[in-house]
Amino acid sequence: MLTEGESDSMATWLTLEEAAKHLKIGKSSLYQLAREGGIPAHKYGRVWRFDQEELDQWMKQKGKDAKHE
């Protein structure tokens, strides 16, 4: 049985280029955010990967934060 927040599907992993297109931001901006810990990202060796669901949640949270400023 799944607990709250869990999904029964596998994660969709995106490359840096795919994630930048998904978020509609530049690759260099995304790379900088990932290096600085400003966005959910996972580094495997020298390669960055991004979980699409984590990115979507991050975007939703950023939208909520902007409304409260």
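Taken together, the values in this text are just the output of simple stated rules run on the coordinates, not laboratory data. It should be emphasised that the depicted structure is a prediction, and the values quoted were computed from it without experimental measurement. Reconstructed Cβ throughout: ideal geometry from the backbone, glycine too, with neighbour counts over all protein chains shown.
Under 22 Å Cα to Cα from LYS60, which lysines show up? Leave out anything in the same chain fewer than 8 places away.
Reachable lysines: LYS21, LYS24, LYS27.
What ranking, highest mean first, results for peptides 13-19, 44-50, 55-61 when packing means the other Cβ atoms within 10 Å averaged over each residue? Display every interim value, and only then the final one.
Values: 13-19: 15.9, 44-50: 12.3, 55-61: 14.0.
The densest-packed peptide leads the list: 13-19, 55-61, 44-50.
Using the Karplus curve 6.51 cos²θ - 1.76 cosθ + 1.60 with θ = phi - 60°, work out ³J(HN,Hα) for each residue of segment 30-37 in order, rounded to whole Hz, and write x for Gly and Pro.
Each residue of segment 30-37 in turn: 5, 4, 5, 4, 5, 4, 8, x Hz.
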